[in-house]
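Here is the structure we will look at, set down as structure tokens.
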Amino acid sequence: MSRESVEPYLSAEIIAARTAELGREITVAGITDQPLVVVCVLKGSVIFFADVVRHIDMPTNLVFLGVASYGASMETSGAVRLTHDLTLDIAGRDVLIVEDIVDTGLTMNYLLRTLGARKPKSLRVCTLLHKPARMRVEVPLDFTGFTIDDVFVVGYGLDYDERYRNLPYIGAMRFQAD
Ligand code: 5GP
């Protein structure tokens, strides 16, 4: 048995400031004739997505994509599957994937291959967090909020066993043996 606790890692204020900057970076980079298709990867990126899209100053279409992710385990299995598909045809469209965290890169690699096969005009990635220490596949990241150490983080949409998503800040999980 072990007891878990959460230590503050990134405050709500720091996240809010960086999210606003990311929205401005996306706006500046985003010359497009049709609304930018912004993809929320459920469930982890839902809170970051809701915040960052409000700082993107251009026409957008907001869409949702579900992928199976971590359960109680903290290790990725490498097997990724769609649990909810987009409700919009992205062929010929400028698309931005919004993710909570790129860890091994396997999920993002899967998303880029799956959405890339639908022939969008462009496909870019915005991730709030990036853990380079654990990368197993190289994936291009166009907009990155924070590069973090090899710690398991929760809060601001990120879960441990479906808990902690509603924390307004990002915390690092600690486990102590009883
Ligand atoms: P990857 O496929 O890059 O290894 O992992 C992507 C997914 O794993 C993320 O979307 C997220 O759901 C989960 N994940 C990876 N690292 C963490 C972490 O530190 N904390 C939490 N809560 N989830 C993580």
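The values are calculated or read from the model by the stated rules, or taken from the named source; none is laboratory data. Quick caveat: nothing in here was measured; it's all calculated off a predicted structure. Every residue, glycine among them, receives a Cβ derived from its backbone with ideal geometry; neighbour counts consider all protein chains shown.
Here are some notes:
- Selected residue (criterion: farthest from Asp100 (Cα to Cα)) from residues of region 129-144 that are part of a strand (DSSP E or B) and more than 10 Å from the ligand (Cβ to nearest atom): Phe143
- For region 145-163, the set of residues classified as farther than 13 Å from Met173 by Cα, within 9 Å of the ligand (Cβ to nearest atom) and out of contact with any strand residue (DSSP E or B) (no Cβ under 6 Å at 6 or more places or on another chain) is empty.
- For region 19-56, a tally of residues being closer than 19 Å to Met108 by Cβ and among the charged types (D, E, K, R) returns 2.
- Boolean, Ala79 is outside any strand (DSSP E or B), within 19 Å of Val139 (Cα to Cα) and either touching a Gly at 6+ places or on another chain (Cβ under 6 Å) or modelled with pLDDT under 95 (or both): yes
- Among the strands (runs of 3 or more DSSP E) confined to region 1-68, the ones with at least 2 residues that are more than 17 Å from the chain's Cα centre (by Cα) and surrounded by 13 or more Cβ atoms within 10 Å (Cβ to Cβ) are located at 2-10, 60-67.
- Criterion (within 11 Å of the ligand (Cβ to nearest atom), surrounded by fewer than 19 Cβ atoms within 10 Å (Cβ to Cβ), of a type outside the set (Gly, Ala, Ser) and more than 17 Å from Gly157 (Cβ to Cβ)) met by exactly one of Leu106, Leu112: Leu106
Results for (1) touching a helix residue (DSSP H, G or I) at 6+ places or on another chain (Cβ under 8 Å); (2) farther than 30 Å from Thr32 by Cα, shown as yes or no for each residue.
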| site | (1), (2) |
| --- | --- |
| Val98 | yes, no |
| Thr107 | no, no |
| Arg118 | no, no |
| Arg134 | no, yes |
| Phe146 | yes, no |
| Arg165 | yes, yes |
| Pro168 | yes, yes |
| Arg174 | no, yes |
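- Some residue of region 75-98 being within 9 Å of the ligand (Cβ to nearest atom), closer than 17 Å to Ser45 by Cα and of a type in the set (D, E, K, R): no
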